[in-house]
Amino acid sequence: MKPTILITGSAGLVGTALANILQTRGYRVHPLDLRDPDPRLRADVRDAQVVQRALAGCAGIIHLAAVSRVIWGERDPEGCRTTNIGGTRNVLDAAIAAAERPWLIFASSREVYGQPQQLPATEDTPLDPINIYGHTKIAGERLVAVARDQGLPCAIVRLSNVYGSATDHHDRVVPAFVRAAVAGQPLRVEGAEHTFDFTHIDDTARGIASLADLLAAGQPPPPPIHLLTGTPTTLGQLAALAIELAGTHAPVTHAAPRDFDVANFHGSPARARQLLDWIPRVPLRDGLARFITEIRVEIEGAA
């Protein structure tokens, strides 16, 4: 049996998929999440003592816990900062204080770049966020850099528009479009020409698990790594594809984009390919088709 890994944010979209893949690879997983399905296991990374107790016996940490939506950060800046910065500080402090220091993976975001001047963005693109969430992720990355200087083996992954599970928040763009398309209801598109790099949850979890394998084997932590497809898709294209695959005639309504959203982003996956032998395997068309099937099964089960 491989060692135990603490996953913060274990009940979220990425945490759930990652726990499953790590367990299939032989790791034991210790969950930590404020919204754990089992109320007896619910825990908050903002509580330093809880984090210290959760870390006991863990050889590695994958820190996913965060206020993970841009709009949530805009609505509650202080809550976003206390979770994303304060919670990260608690995790790093506990790791540094541990008798046997674990390795750590910190989940950051493409939001740290803001609106890149050149695309595709690389991991060396200047960090220039335009929203509170992005600022908190940069702060988290800086805390990780300090911890690494103190001898903690730390790595950073930057994620991009992860999708692919019916358990995801219904108001995120992919779940919102898919659910509306299946129901034949209007798809609200805020900025039809805005482009994003949509990455399926299976690819994301597989990439993080590969990085965990590397660190668990005692390899030195690599520099920050993108886990994304490198393929830009406009919101208009995403909406049209969801309707096509759903086989409905759902209408599309258009609205002005929000001023705290990045307008255009896609990134290069070259470093992940070089360092992790990772490439995305789930094209957007296939990922949306699978998502639509899952939503239909959910609807039929609730009928």
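Each residue in region 47-73 was checked for being surrounded by fewer than 20 Cβ atoms within 10 Å (Cβ to Cβ), part of a helix (DSSP H, G or I) and more than 18 Å from the chain's Cα centre (by Cα), and 5 of them qualify. The number of residues in region 249-296 that are farther than 17 Å from V174 by Cα, touching a residue at least 12 places away in the same chain (Cβ under 8 Å) and of a type outside the set (D, E) comes to 14.
In region 81-120, the qualifying residues are those that are in a loop (DSSP other than H, G, I, E, B) and closer than 17 Å to I132 by Cβ, and the one that is farthest from the chain's Cα centre (by Cα) is Q115. Go through (1) free of Cβ contacts under 8 Å to residues at least 60 places away in the same chain; (2) under 20 Å from V157 (Cα atoms); (3) part of a helix (DSSP H, G or I) and name the single condition L32 misses. Tallying (1) free of Cβ contacts under 8 Å to residues at least 60 places away in the same chain; (2) under 20 Å from V157 (Cα atoms); (3) part of a helix (DSSP H, G or I), L32 fails exactly one: (3).
Listed here are the residues, each with its yes/no results for (1) more than 19 Å from V112 (Cβ to Cβ); (2) at pLDDT 95 or above.
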| site | (1), (2) |
| --- | --- |
| M1 | yes, no |
| T16 | yes, yes |
| R25 | yes, yes |
| L34 | yes, no |
| L41 | yes, no |
| I61 | yes, yes |
| G73 | no, no |
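Among the residues of region 127-144, those that are outside any helix (DSSP H, G or I) and of a type outside the set (S, T, N, Q) comprise L127, D128, P129, I130. Between a residue in region 109-136 that is in contact (Cβ under 8 Å) with a residue 60 or more places away in the chain and within 17 Å of R69 (Cα to Cα) and any residue that is hydroxyl-bearing (S, T, Y) and not in a loop (DSSP other than H, G, I, E, B), which pairs come within a Cβ distance under 6 Å, given they are 6 or more apart or on different chains? Close Cβ pairs satisfying both conditions: E111/Y133.
Looking for whichever is surrounded by 22 or more Cβ atoms within 10 Å (Cβ to Cβ) and out of contact with any His (no Cβ under 8 Å at 6 or more places or on another chain) here; the options are V174, V146, V162. Which one fits?
Matching residue, one of V174, V146, V162: V174.
Residue count for region 197-239 under the criterion of being in contact with a strand residue (DSSP E or B) (Cβ under 7 Å, 6 or more places away or on another chain) and more than 28 Å from I292 (Cα to Cα): the result is 8. If you go through region 46-68 and keep only what is in contact with a helix residue (DSSP H, G or I) (Cβ under 7 Å, 6 or more places away or on another chain) and charged (D, E, K, R), you end up with just R46.
Scanning region 109-126 for residues that are surrounded by 23 or more Cβ atoms within 10 Å (Cβ to Cβ) and touching a Pro at 6+ places or on another chain (Cβ under 8 Å) yields E111, V112, Y113. Here W103 meets the list (1) in contact with a Leu (Cβ under 7 Å, 6 or more places away or on another chain); (2) under 22 Å from H170 (Cβ atoms) almost entirely, failing just condition (2). Of note, E78 satisfies the criterion of being in a helix (DSSP H, G or I), more than 16 Å from A209 (Cβ to Cβ), free of Cβ contacts under 8 Å to residues at least 12 places away in the same chain and charged (D, E, K, R).
The values are calculated or read from the model by the stated rules, or taken from the named source; none is laboratory data. Everything numeric here is computed off the predicted structure, so don't read it as measured data. Glycine gets a Cβ as well: all are built from the backbone with ideal geometry, and neighbour counts include every protein chain shown.
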